[in-house]
Amino acid sequence: MLEFLETITGVPTPLLFGQLLLGLINGAFYAMLSLGLAVIFGLLNIINFTHGAQFMMGAFVAWMLLAWAGIGYWGALILAPLIVGATGVVIERLMISRLYKLDHLYGLLLTFGIGLMIEGVFRNEFGSSGLPYRIPAELSGAWDLGFMFMPIYRGWVVVFSLVICLATWLVIEKTRLGAYLRAATENAPLVQAFGVNVPRMITLTYGAGVALAALAGVLAAPIYSVNPQMGTNLIIVVFAVVVIGGMGSILGSVITGFGLGVVEGLTKVYWPEASATVIFVIMAIVLLTRPAGLFGRA
Amino acid sequence: MDFNRRSLLAAGSAATIAPLSRARAQGQAIRIGVLTDMSGPYRDTTGPGSVVMTQAAGAEMANRGFTVEVLSADHQNRPDVGANLARQWYDQGVDAIVDVPTSSVALAVNQIAREKNKVFLNSGAATSDLTGAQCSPNTVHWTYDTWMLAKGTGGAIVRTGGDSWFFITADYAFGHALERDTATFVRQAGGQVMGQVRYPFPATTDFSSFVVQAQASRAKVLGMANASTDTVNTIKAAREFGLHRSMKLAALLMGVMDIHALGLESAQGLLLTESFYWDLNDRTRALTQRTRAANQNRPPAMVPAGCYGATLHYLKAVADMGAAAAKADGRAAVARMKAMPTDDDAFGPGRIREDGRKIHPVFLFEVKSPAESRAPYDYYKVAATTPAEDAFRPMNEGGCSLVRS
């Protein structure tokens, strides 16, 4: 079987397994980021282009907590999403909330602008080449899986983000709060008539979506260079993920996130030059054949 | 750029009053445009630092019968944007464009400077084609190039037994040139290249896939033909996946700012090649001291130091031939630069060859361990020095049409 795989793919099987696993790890980041985007789009109808900057802020806040307050990785995992989420709440209250009556495009432009400004401020303050952040001692080291060397930290990223994705899905699909959220998406005035404070719910949803981005940022801090443009490259891919999965579909964005991570990982072996393009090719094909996305409802 | 209300006010009032009085006192203005990366991955190694160091050179050459005006712009690492800005600047009376990191942009500006008979003082771009197949009588390539990096780091590692290589290469002009030049050294020394991956630039964040492919190649050395954040991310991934235990890591282009980003813990022991380091000698330390305040309290990195050296020498040539003649004919100004020996605090004495290549000694540095480093940016110790004449590609091997054989 293994030899058969090797013959048809032309790549040694251990390498192929390794690449599949690495694809899943990258997919974990895509899934967490697209999850936040999907939650925000589902309820607010805002395409949150600040998401990349908020991912970056998560990583930077983790660095600041360590450098300025001596709070390490585990503290940052809780505090950074709260802090960045709170800034999201402020942005929603002060600016985004004024745009709900207008076309999608305005929200997109506003959040894109806010993202650029946040990035600019961090670049001015911290430069572009980045800051060091170490893998926590408990998670450093690696397992020898036989077919590859698996850093413990990367394993942790996959498991942790799966748990978060599952928890978010459960909250939205299986709890009373989630039911309110879904109802408000369908018909906000009606839900408000039942005595639910919809504007507050919207604000908190935006904050939660932003917190998810920041959480992904904390997870990324030890393995990628913590720099102001770290979200820019990732976020374009994540938007493609959301579009392919179906705008606003929670489960769709999670499955597509992991799936596309794997597709991208395999492209990196067979045709590395195209690894940045492959996701957009898939996006084009999906949009042509299923305009609502793989999991979206037209 | 950093603006505050006071500097804006000051700039506003200066703009209304200064030109008149200066024009009367000093005659012509030499306009220098720093075209650089203000917003992308190369900002810290070039960017505002390059502007500060160009201004420093301008200030040292004040009162020589002309004024020096320094402009700056962001080319966003895009050849189309860079080419447009360069055309606009040259048409609006800019005499020399300085810096231009990102080889693809630099090659575009190289063409335009020649077309318009202006001056191009390159410090930031690495491709050795600027003084090879694409050399130009209007261009000086000051600081470093891919051939010099390849020889410096690649050559040193091959000598210590690293004879089989795998490359992780940024898929654009710079990465290709660096990989090609290093592979040449490896093969000349009897070594072999076991493979390479070329990844999309600048859209790649995760390098683990490439690191694992490198591991599977069973090569002894991982050659990183990339720069800045990409190199930092590659090294981080290599350490995570235990690559450094079985392979030697060769960061072919890396600087003080990248070491700062990576942290000494991960960077210690790396070998790298640069032609300038702030703590090299008394002259480099004096230069650092002079410019520290303007530089956000950081020492100059190699590329900004090159902007300083190149601008200073250009202005000396302008003073020598007269501002009017220098403005009228960029080719003549560059010819004068080549005719005069160079000397500055950053690179010491040197010269510019016929093909436009500036030559000076080149250093192989080893990154200090956290224990050895006594202050921020105290990162290097000198492992080897290559004299100027041996550090760069011999003129007859570059294929430059300006070189008479």
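The values are calculated or read from the model by the stated rules, or taken from the named source; none is laboratory data. From a predicted model like this one, the values you see are computed outputs, not experimental measurements. Note: ideal-geometry Cβ built from the backbone for every residue, glycine included; neighbour counts use all protein chains shown.
If only residues of the range A:91-108 that are under 21 Å from the mean Cα position of the chain (by Cα) and surrounded by 14 or more Cβ atoms within 10 Å (Cβ to Cβ) are counted, the one that is farthest from the other protein chains (Cβ to nearest Cβ) is A:Glu92. Comparison of B:Ala113, B:Ala126, B:Ala106, B:Ala96 shows that the only residue that is buried (at least 24 other Cβ atoms within 10 Å of the Cβ) and at pLDDT below 95 is B:Ala126. The residues in the range B:26-68 that are within 14 Å of chain A (Cβ to nearest Cβ) and more than 22 Å from B:Thr229 (Cα to Cα) can be counted, and the count is 1.
Going by what's in this entry, would A:Leu131 be described as aliphatic (A, V, I, L, M), surrounded by 16 or more Cβ atoms within 10 Å (Cβ to Cβ) and under 30 Å from B:Ser39 (Cα atoms)? Explain how you work it out, then say what you get.
Values: aliphatic (A, V, I, L, M): yes; surrounded by 16 or more Cβ atoms within 10 Å (Cβ to Cβ): yes; under 30 Å from B:Ser39 (Cα atoms): yes.
Yes; evaluated as a whole, the condition is true for this residue.
Out of curiosity, is A:Arg290 without any contact (Cβ under 8 Å) to a residue 60 or more places away in the chain, among the basic types (Lys, Arg) and touching a Gly at 6+ places or on another chain (Cβ under 9 Å)? So A:Arg290 fits the description; yes. Against the conditions (1) under 18 Å from B:Leu272 (Cα atoms); (2) small (Gly, Ala, Ser); (3) out of contact with any helix residue (DSSP H, G or I) (no Cβ under 6 Å at 6 or more places or on another chain), B:Ala323 satisfies every one except (1).
Checked against (1) more than 22 Å from A:Leu116 (Cα to Cα); (2) in a helix (DSSP H, G or I); (3) in contact (Cβ under 8 Å) with a residue 12 or more places away in the chain, B:Ile97 meets all criteria but (2). With the structure loaded, tell me whether B:Lys381 is of a type in the set (Lys, Arg), over 16 Å from B:Glu60 (Cα atoms) and within 20 Å of the chain's Cα centre (by Cα) or whether it fails that test. Considered against the rule, which asks whether it is of a type in the set (Lys, Arg), over 16 Å from B:Glu60 (Cα atoms) and within 20 Å of the chain's Cα centre (by Cα), B:Lys381 comes out as no.
For the range A:110-128, what are the residues that are farther than 27 Å from A:Val157 by Cβ, among the aliphatic types (A, V, I, L, M) and either within 10 Å of chain B (Cβ to nearest Cβ) or surrounded by 14 or more Cβ atoms within 10 Å (Cβ to Cβ) (or both)? Working first, answer last.
Quick first cut of the range A:110-128, residues farther than 27 Å from A:Val157 by Cβ only: A:110, A:112-114, A:116-117, A:120-121, A:124-125.
The next check asks that each one be among the aliphatic types (A, V, I, L, M); those that pass are A:110, A:114, A:116-117, A:121.
Listed by number, the residues that qualify are A:Leu110, A:Ile114, A:Leu116.
When every residue of the range B:184-198 is checked against the conditions, none turns out to be surrounded by 24 or more Cβ atoms within 10 Å (Cβ to Cβ), touching a residue at least 12 places away in the same chain (Cβ under 8 Å) and of a type in the set (Ser, Thr, Tyr).
Going through the range B:214-234 one residue at a time, which ones are within 18 Å of B:Gly162 (Cα to Cα) and not in a loop (DSSP other than H, G, I, E, B)? Hits for the range B:214-234 are B:Ala214, B:Gln215, B:Ala216, B:Val221, B:Leu222, B:Gly223, B:Met224, B:Ala225.
Does B:Val303 qualify as being outside the structural domain of B:Lys151 (by TED's automatic domain parsing) and closer than 14 Å to B:Trp142 by Cβ? Yes, satisfied. Residues that are over 21 Å from the mean Cα position of the chain (by Cα) and assigned to a loop (DSSP other than H, G, I, E, B) were ranked within the range B:278-336; the one that is surrounded by the fewest Cβ atoms within 10 Å (Cβ to Cβ) is B:Ala293.
Of the residues that sit in the range A:255-283 and are assigned to a loop (DSSP other than H, G, I, E, B) and not aliphatic (A, V, I, L, M), which one is surrounded by the most Cβ atoms within 10 Å (Cβ to Cβ)? Even if it seems obvious, please write down each step before you answer.
In the first step, residues of the range A:255-283 are kept if they are assigned to a loop (DSSP other than H, G, I, E, B); the result is A:271, A:275-277.
Among the residues that remain, those that are also not aliphatic (A, V, I, L, M) are: A:271, A:275, A:277.
On the way: A:Trp271: 12, A:Ser275: 25, A:Thr277: 14.
Selected residue: A:Ser275.
Within the range B:243-269, restricting attention to residues that are in a loop (DSSP other than H, G, I, E, B), under 23 Å from B:Thr127 (Cβ atoms) and away from chain A (no Cβ under 12 Å), the residue that is nearest to the chain's Cα centre (by Cα) is B:Leu253. Please work out if B:Ser228 is more than 20 Å from B:Val303 (Cβ to Cβ) and within 14 Å of another protein chain (Cβ to nearest Cβ). When the stated conditions are applied, B:Ser228 does not pass them.
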